[in-house]
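Trainee: Let me begin by handing over the structure; questions about it come next.
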Amino acid sequence: MLVYKTKVNLINRINNLMQPNFSLGFVPTMGALHKGHLSLVKSALANNNFVVVSIFVNPTQFDNSSDLNKYPRSLAKDIKILETISKDNILIYAPKVEDLYGSKVKSENFNFSGLELSMEGNSRPGHFDGVGTIVKRLLQIVNPNNAYFGEKDFQQLLIIRKMVESEGLSVNIIGCPTEREPNGLAMSSRNGRLSPKEYREAAMIYEILQTVKHKFSSEGIPSTCDWVLKRFNINPLFELDYFQILDSEFLGPVKEKIPNKKYRAFIAAYIGDVRLIDNIDLN
């Protein structure tokens, strides 16, 4: 399996593949691949002739340099994992920072129409400008027909769709369901940093979300939020960053349910020094 380290070489390879009715898929990742990433790649392979998988730890989306430095990097292992799916129809793009940013490692500023103001945007200032910058540049380089993103990062998914629309990029953004560990924990590259005890306890996040979905159909939003806060307060391993119930389209705050409107519950919490996020559709 060939690994392309520069955008010039990748673009040349893609141009050589082009033919009538050719379809190219794209899965952007930061490496440390797991079954969640592989499910995205499999979806892309099922609907495209070739798939580009980028492996790049993007510095501009980290507001914490320690978190950036701790982020796992395992390119050789990632290549072997991708080879278990396909050795012939996957192109790996693993550039250095200079290939994407040149000499100025800086985010662009985007107008996401308020989608960035809550949750991750509030907890991690500048994060989504960094995400928008790298995804825009990758999409311009790869120029795929379809790009695949996981619903675990649901806010990111909506923001990328908004960026693609506002920048006039010609690509279909496809959201894929969250893949989970056997205990229900949403798959994440950060899970590997959990101790065995933390891994077991982290299952509580999805258990809470499932209960919230049940409560949402029969109880008020304030009482449901109070219940979630109490659950986290009695577990000393966790530090809750946020719990929010928002509308699924604009991520606006919700005081009371409106018929025929879709809602989603979101959680971000620390267990030890590992920050985990998850969400669930409520109706």
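The values are calculated or read from the model by the stated rules, or taken from the named source; none is laboratory data. Keep in mind it's a predicted model, so treat the numbers as computed, not measured. Every residue, glycine as well, gets a Cβ built from its backbone with ideal geometry; the counts of neighbours run over all protein chains shown.
Trainee: Just to be sure I understand the filter: pairs with C-beta atoms under 6 Å, separated by 6 or more residues or on different chains, first member in the stretch 218-247 and over 22 Å from residue 122 (Cβ atoms), second member in a strand (DSSP E or B). Which pairs pass?
Mentor: What qualifies is 237/271.
Trainee: Name every residue in the stretch 251-279 that is under 18 Å from residue 215 (Cβ atoms) and hydrophobic (A, V, I, L, M, F, W, C), in order of residue number.
Mentor: Result: 254, 258, 265, 266, 267.
Trainee: Surrounded by fewer than 21 Cβ atoms within 10 Å (Cβ to Cβ), modelled with pLDDT under 95, at negative phi and out of contact with any Lys or Arg (no Cβ under 8 Å at 6 or more places or on another chain): does that describe residue 136?
Mentor: Answer is no for this residue.
Trainee: So, one more: Name, by its number, the condition in (1) over 30 Å from residue 144 (Cβ atoms); (2) among the charged types (D, E, K, R); (3) loosely packed, with under 13 Cβ neighbours inside 10 Å that does not hold for residue 198.
Mentor: Just one mismatch for residue 198, condition (3).
Trainee: Quick one: how many residues across the stretch 139-148 are surrounded by fewer than 20 Cβ atoms within 10 Å (Cβ to Cβ) and over 18 Å from residue 98 (Cβ atoms)? Even if it seems obvious, please write down each step before you answer.
Mentor: Initial filter on the stretch 139-148 (surrounded by fewer than 20 Cβ atoms within 10 Å (Cβ to Cβ)): 140, 143, 145-146.
Still in the list and also over 18 Å from residue 98 (Cβ atoms): 143, 145-146.
Final tally of qualifying residues: 3.
Trainee: Give me the pairs: first residue in the stretch 185-197 and over 13 Å from residue 270 (Cβ atoms), second residue of a type in the set (S, T, N, Q), beta-carbon distance under 8 Å, and six or more apart or on different chains, which are they?
Mentor: 185/191; 186/178; 187/178
Trainee: I would also like to ask the following. In the stretch 234-283, which residue that is in contact with a helix residue (DSSP H, G or I) (Cβ under 9 Å, 6 or more places away or on another chain) and among the small types (Gly, Ala, Ser) is surrounded by the most Cβ atoms within 10 Å (Cβ to Cβ)?
Mentor: Within the stretch 234-283, the match that is surrounded by the most Cβ atoms within 10 Å (Cβ to Cβ) is 265.
Trainee: Suppose the filter is modelled with pLDDT under 95 and in contact with an Asp or Glu (Cβ under 7 Å, 6 or more places away or on another chain); does residue 126 pass it?
Mentor: Yes.
Trainee: Can you tell me which residue in the stretch 8-67 is farthest from residue 86 (Cα to Cα), limited to those that are over 20 Å from the mean Cα position of the chain (by Cα), part of a loop (DSSP other than H, G, I, E, B) and in contact (Cβ under 8 Å) with a residue 40 or more places away in the chain?
Mentor: Across the stretch 8-67, the extreme among qualifying residues is 23.
Trainee: What residue, among those in the stretch 123-179 that are assigned to a helix (DSSP H, G or I) and free of Cβ contacts under 8 Å to residues at least 24 places away in the same chain, is farthest from residue 43 (Cα to Cα)?
Mentor: That would be 165.
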